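Read-outs: derived from the displayed coordinates by stated rules, not from any lab. Everything quoted here is computed from the prediction, not taken from an experiment. We place every Cβ from the backbone using ideal geometry, glycine too, and count neighbours over all the protein chains shown.
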């Protein structure tokens with residue numbers, strides 16, 4: 001019994017350390033992005049810039065990848081290598097979050113019982129529309145970092161998630177690297193604004209869709225209850 005409790009504590013400690021390491025990575029990469037622009041990073045890190053791209057896309061990176069795609073068009077970067085680094089970084093990041101959710105998600109939620117009801121309601125929709133959700137959540141502002149964690153809790157097959165995650169990460173990398181590569185110099189001044197507006201619009205569309213589904217589901221439940229109530233006296 002004591003050994004089991006000790007093992008569970010060690011596992012939770014490992015998950016906490018992993019999350020702390022991820023936060024430290026975000027802080028370190030954020031400091032680099034604040035202190036230097038992309039051309040200087042390219043010249044400073046050389047071929048290691050692709051590893052930096054992998055690390056940044058592991059956590060987020062829309063605007064960074066757009067800018068890097070632009071400079072790939074200028075000849076400062078190899079576009080296929082940039083695409084590969086962004087693809088693998090995005091894929092690996094969400095696989096990591098999924099693994100944390102699968103191994104430790106329920107234990108972490110057990111420490112917050114008041115989260116159970118809303119989390120269960122959200123996971124019901126994730127289970128119902130898992131494929132579309134996995135393919136789209138990268139494009140939605142503020143949703144990516146917890147979506148894979150929630151999907152890990154949902155019980156979806158890890159093979160299904162891995163295959164859809166691989167495809168989704170590739171599509172994400174193609175869209176953002178390709179946009180930076182093909183849109184020309186005018187994009188350089190508008191990259192941040194475009195990424196923010198696109199993400200906010202996607203978030204708004206996502207929220208409206210979820211609310212609409214919730215309303216329809218509620219109305220459907222009311223109709224069921226009324227039908228059951230009307231049938232009960234007759235019975």
Gained length - residue 111 relative to residue 211, 0.36 nm times residue gap less alpha-carbon distance:
33.2 nm
State, to one decimal in nm, how far the label point of residue 47 lies from the label point of residue 103, with both points 7 Å from Cα in the Cβ direction.
3.2
Quick calc, residue 167 & residue 76: beta-carbon distance into FRET formula, R0 25 Å, rounding 0.05, result 0.30
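Where does each of 44-52, 221-229, 99-107 land if you order them by average Cβ count within 10 Å, highest first? Let's see the in-between values first.
Details: 44-52: 14.7, 221-229: 9.9, 99-107: 18.0.
In decreasing order of mean packing, 44-52, 221-229, 99-107 become 99-107, 44-52, 221-229.
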Compute the distance in nm between two label points, each set 7 Å from the Cα along the Cα-to-Cβ direction, one at residue 131 and one at residue 227.
2.7
